[in-house]
1. Assuming R0 = 22 Å, can you tell me the calculated FRET efficiency for the pair ARG176 and SER122, based on Cβ-Cβ distance, to the nearest 0.05?
2. Between the alpha-carbon centers of the stretch 165-233 and the stretch 104-136, tell me the distance in whole angstrom.
3. Suppose a student asked you for the relative contact order of the stretch 92-232, using Cα pairs under 8 Å spaced at least 6 residues apart; what percent would you report?
4. Under 5 Å between amide hydrogens, which residues at least 5 positions from ARG119 or on another chain qualify, with H placed 1.01 Å from N in the peptide plane?
5. Please arrange ASP197, ASP130 by how many other C-beta atoms lie within 10 Å of their C-beta, fewest to most.
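Laboratory data are not the source of any read-out in this text; all were calculated from the coordinates shown. Note that the coordinates shown come from a computational prediction; the quantities given were computed from them, not determined experimentally. Every residue, glycine among them, receives a Cβ derived from its backbone with ideal geometry; neighbour counts consider all protein chains shown.
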Amino acid sequence: MPAADEPPRRSRLGLALAVAVPALIAAAAVLWIAAGDDEDAPPAVTTRSASPTRTLGARASRALRPVVATAGRAGVRGNDLEDLAGGVRPAVPDRIDIPAAGVDTVVDAVGTGRGGAIRVPSLGRAGWYDGGPRPGEPGRAVIIGHLDTKRGPGLFARVPRLSNGEVIRITDRRGRLQRYRVVGRAQVRKDRFPTQDVYGGSGRSALVLVTCGGPYTKAEGYRDNILVYARAV
């Protein structure tokens, strides 16, 4: 894994992520960092609709029209929150800030492409796997970034060096801040990627940063993935 100040390898981008979604790669045993797996579901919220039964006087025979609030009129705004049983779901991540790694950038949602591989983000931007949890809700939110580029160090060049206790801050699209602290790291071969340890469930909010590392060859790129685990604080 090259240091941030070493000349880049020009053959291909540093993030040749061979990160596959859970249904496609069997889990391998690596460093296990459990974030507490109490999977108690939040209580369901039920609503009871009431229908009027009283006579409304002389106008009772008229059909009553529903009241429709239009956004932008009379000071009424549409509610941009997402209803969820037991509360309101966090918004999708917008920015990631890792002071110890020199990271402060936009986060884009990334899905999967052919073969189930996660699509890589643009250079200089992080990618949040939108098939998993959002930062701030139970489960492991996965954010990926390039280790290097053809021209120099990538966004996550210093991520593999993060020490336990370092702070990671995620700001969502509503402006809410989610804070995490690094609790451990693992280096794994891409052909033995520990799917369950990255995408598996967790009873508390956790974060996994993923980039490349290990030996490099011109034909195959980086052999390994570096996983940095963090827990919400």
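1. 0.35
2. Taking the Cα centre of the stretch 104-136 as reference, the centre of the stretch 165-233 is 12 Å away.
3. Relative contact order for the stretch 92-232 comes out at 24 percent.
4. Sorted by chain and number, the residues that satisfy this are GLY111, THR112, GLY113.
5. ASP130, ASP197
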